[in-house]
1. Give segment 211-246 a look and list any residue that's touching a Leu at 6+ places or on another chain (Cβ under 7 Å), within 18 Å of ALA16 (Cα to Cα) and in a helix (DSSP H, G or I), or say none.
2. List, please: which pairs have Cβ atoms under 7 Å, are six or more places apart or on different chains, and start with a residue in segment 190-204 that is closer than 28 Å to CYS123 by Cβ and outside any loop (DSSP other than H, G, I, E, B) and end with one that is of a type in the set (S, T, N, Q) and away from the ligand (no atom under 13 Å from the Cβ)?
3. Note down all Cβ pairs under 7 Å where the first residue falls in segment 97-119 and is more than 24 Å from PHE58 (Cβ to Cβ), the second is among the acidic types (Asp, Glu) and surrounded by 16 or more Cβ atoms within 10 Å (Cβ to Cβ), and they're at least six residues apart or on different chains.
4. Do the conditions hold for LEU56, that is, is it at pLDDT 95 or above, surrounded by 18 or more Cβ atoms within 10 Å (Cβ to Cβ) and in a loop (DSSP other than H, G, I, E, B)?
5. Got a sec? Which of ARG53, ARG49, ARG14 is among the basic types (Lys, Arg) and under 17 Å from the mean Cα position of the chain (by Cα)?
6. Looking at ALA30, ALA15, which one is surrounded by fewer than 19 Cβ atoms within 10 Å (Cβ to Cβ), away from the ligand (no atom under 16 Å from the Cβ), at pLDDT 95 or above and hydrophobic (A, V, I, L, M, F, W, C)?
7. So how many residues does segment 69-90 have that are touching a His at 6+ places or on another chain (Cβ under 7 Å) and in contact (Cβ under 8 Å) with a residue 12 or more places away in the chain?
8. Based on what the data block shows, is ILE250 over 17 Å from GLN189 (Cα atoms), β-branched (Val, Ile, Thr) and surrounded by 19 or more Cβ atoms within 10 Å (Cβ to Cβ)?
Amino acid sequence: MEVIVHQSYEEMSRAAAQAVAEVLNAKPNAILGMATGSTPLGVYQELVRMHQRGELDFSQVTTFNLDEYVGLPTNHPQSYHFFMHENFFKHVNIPPQNVHIPSGTTSNYRAFCDWYEKRITECGGIDVQILGIGSDGHIAFNEPASSLSSRTRLKTLARQTIEDNARFFESRDQVPVYAITMGVGTILQARQILLLANGAKKAEAVAAAVEGPVTSMITASALQMHPDATVYVDEPAASMLKMREYYDWIQQHKPAAPKV
Ligand code: PGA
């Protein structure tokens with residue numbers, strides 16, 4: 001894993017957006033894996049800015065979102081469908097038929113999950129996956145004890161996640177208890193992964209994911225097994241990393257490193 005510590009949330013977001021832009025410049029019909037939550041908002045804003053300046057074209061892009069709450073209709077303000085439309089899709093030129101977000105209202109979850117997995121494969125697999133991390137170390141809604149080879153499925157949210165996400169709802173009782181989520185195994189198949197974290201509340205999860213043992217108790221730790229995962233963090237989120245000095249040393253020496 002490459003760990004890059006940034007001075008601010010804005011700088012972190014710009015760097016991750018730049019990485020996505022590089023993928024798109026090399027492959028205009030790339031498959032993007034999208035995440036929701038407060039963390040990737042800055043990346044989406046930066047990608048929208050690049051698009052508005054005419055630097056980035058999304059007309060051939062296909063997207064797959066990580067997860068969705070069960071039971072929320074797509075027009076519910078807290079649904080991830082709504083979030084993605086408001087914060088990203090309505091500002092860029094991705095053809096609507098190329099957008100995939102798990103359904104939180106299907107009548108057959110098992111069939112939907114199988115279809116979602118099949119659709120990712122049919123499209124050629126995810127080129128770059130954006131990820132946040134939960135304070136319990138989850139990626140997407142793969143809560144502690146999720147199999148590290150899990151696929152898209154229905155998942156019961158952990159109490160911690162419900163509490164963390166209650167800030168977006170009027171009350172804690174309104175946070176759905178179930179979600180549909182890509183599995184850890186699904187995520188690990190993305191060719192490139194960008195994990196983002198900001199704020200001190202994420203420091204423990206980040207340290208466990210990057211420097212702790214690979215364990216289903218911290219599903220983000222499975223990214224240690226991925227050949228191309230980069231961790232973008234701000235200073236507070238990096239504050240519990242033991243090898244911080246080495247990560248900075250690597251970045252410092254990167255420009256002069258032999259080209260591979
Ligand atoms: P957040 O959520 O970006 O809103 O902190 C991250 C996550 O739960 O994956």
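1. Across segment 211-246, the qualifying residues are ALA220, LEU223.
2. Hits for this filter: LEU194/THR230.
3. Pairs that qualify, where the first residue is more than 24 Å from PHE58 (Cβ to Cβ) and the partner is among the acidic types (Asp, Glu) and surrounded by 16 or more Cβ atoms within 10 Å (Cβ to Cβ), are GLY104/GLU68.
4. Numbers: at pLDDT 95 or above: yes; surrounded by 18 or more Cβ atoms within 10 Å (Cβ to Cβ): yes; in a loop (DSSP other than H, G, I, E, B): yes.
Against the criterion (at pLDDT 95 or above, surrounded by 18 or more Cβ atoms within 10 Å (Cβ to Cβ) and in a loop (DSSP other than H, G, I, E, B)), LEU56 qualifies.
5. Values: ARG53 fails: under 17 Å from the mean Cα position of the chain (by Cα); ARG49 fails: under 17 Å from the mean Cα position of the chain (by Cα).
Being among the basic types (Lys, Arg) and under 17 Å from the mean Cα position of the chain (by Cα) holds for just one of ARG53, ARG49, ARG14, which is ARG14.
6. Numbers: ALA30 fails: surrounded by fewer than 19 Cβ atoms within 10 Å (Cβ to Cβ).
One residue alone meets the criteria, ALA15.
7. Step one: filter segment 69-90 for residues touching a His at 6+ places or on another chain (Cβ under 7 Å), giving 74, 82.
Remaining after also requiring in contact (Cβ under 8 Å) with a residue 12 or more places away in the chain: 74.
Summing the residues that are touching a His at 6+ places or on another chain (Cβ under 7 Å) and in contact (Cβ under 8 Å) with a residue 12 or more places away in the chain in segment 69-90 gives 1.
8. On the way: over 17 Å from GLN189 (Cα atoms): yes; β-branched (Val, Ile, Thr): yes; surrounded by 19 or more Cβ atoms within 10 Å (Cβ to Cβ): no.
No, not satisfied.
The values are calculated or read from the model by the stated rules, or taken from the named source; none is laboratory data. Remember, predicted model here, so these are calculated numbers, not experimental data. Every residue, glycine as well, gets a Cβ built from its backbone with ideal geometry; the counts of neighbours run over all protein chains shown.
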